[in-house]
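Please read the structure below before turning to the comments.
Just so it is clear, none of the values below were taken in a lab; they were calculated from the coordinates. In this text, all values refer to a predicted model and were calculated from it rather than measured experimentally. Cβ: placed from backbone, ideal geometry, glycine included. Neighbour counts: every protein chain shown.
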Amino acid sequence: MHILPIIALVLLVGFVTGANLFALGACSLLVVFQLTRFFANRWAESLTVERTVTSSELEIGDSFSVGLKIRNNSGYYIPWLFAEDVLPKRAVSQPHRALEVTGQPAKLYFFQPKQTALMTYSIRAIRRGYFQLGPTILETGDLLGLHRNYRIMSKPHYVLVLPKLIPLQGVNVTSRRPMGDLHVNDRSMEDPTQMVGIREYRAGDSLNRIHWRATARTGTLHTRIFQPTCIQGAMLVLDMHKKSNPDRNEPLRTDLAVTMAASLAHTLYTMNQPFGLISNARDAADRVRQMHLERDFSDRDSVRADVEMKTWSDRLKPVVVDANRGPEHFAELHRILARLERTDGMQLSDLIMETQNRFSRQLSVLVLIQQVDEAMALALGLLRRRGFAVSAIVNQHDLDGLQDSAAKLMAYHVPVFALPDEESVPTVCREALVNK
């Protein structure tokens, strides 16, 4: 032991100087200090923690339980142990908390040799998001308060709360492109692969539509008739930049935008229509921190700072989900929408320039935005001039702000639809979101 040479030196100094009582007291203090340190470390090393979470993916309003099994594997008594399961502060604190906790995720214990203790609490999801539960911080020490030992136990669990899905009343986001799936009354766009009959030739009919067999059989020119169709699909563009989504409206407005996007995607999924997503948001999964379970810590605050999810991410890569159909595609997009957060990186105008090659001319472009500036309006206007069917859903409750944003977009002939609150979600898309 490293303390033995020190004790020998102190005794020697006391013998030489004649301060025997002082040397004896100093040696006793060193022995006590070493023993308390030894037992504090041994107690901490003998503990194990197992966490059980009943659900890792749930919807808003659902509840789940968390259980911790803490075991003392040694033959020592542990006079005190403070166990805390770390929860995200921003998610459980007021106002606008995302998780409601019932029970105590932190508790003080006294352990006998080989004893096992159970700690349970429950959580109800109030808002969508991606949340880290754990790891567990164990704090123990000697009764004299000379040593404190902190250990990080058990790997964290991650819980995904999916955004709300609201049924929409009458969605019409047709792209007015032929060779689609939906029958329409507007015969200006007909699918050349779906012939529904023939008729006599009329002046102005294209020669490539003449039905030569019927013409040869009857001796009179006949023209083929095609079924007018369109594709009712959309590429959703979700703006979540901090400049156009200010703090004073958070987190209510971005949650409403995500709810609107999820509801649109779900409606198109049920209609078996293609849908995709492009956003400048940050994926909360990028803030997951690499755990250092073997590090030594001097206080509880430094432990929490090392184990909680990072509060920032320098990611500038857009979130892109290519257009597709089917339940697997919708489930993936639904999970991604749950994890999206505001960012201060790429603005909407830069996003469109960066991802314009990912837009499909076969689909409508639906932009969900809160505040519009001239650069954003110009970017959407140029996209519309290139032949894309562009529409904007303005996520504002303030009438003046809505009119200001709408005026900038309408100057470039971009249709605008208002999303003032959650109650208006079902009727936002009742009418067509593109110009006839």
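Sorting Y412, Y77 from the fewest to the most surrounding beta carbons within 10 angstrom yields Y77, Y412.
For the range 30-137, GluC sites (Glu not before Pro) meeting the loop criterion (DSSP other than H, G, I, E, B) and having at most 15 other Cβ atoms within 10 Å: none. Annotation note: GluC sites (Glu not before Pro) in the range 330-436 located in DSSP loop regions with a Cβ neighbour count of at most 15 within 10 Å are E431. Our analysis of the range 47-162 gives Rg over Rh at 1.03, with the two radii drawn from alpha carbon positions and Rh computed by the Kirkwood formula.
Under the rule a/c < 1.5 gives rounded, and otherwise a/b versus b/c splits prolate from oblate, where does the range 309-390 land using the Cα gyration tensor? Cα axes put the range 309-390 in the oblate bin. Put simply, the amide H of Y150, placed in the peptide plane, has neighbours under 5 Å in F297, leaving out anything fewer than 5 places away on its chain.
Of the trypsin sites (Lys or Arg not before Pro) found in the range 327-399, those that fall in a DSSP loop while having at most 13 other beta-carbon atoms within 10 Å are R361, R386.
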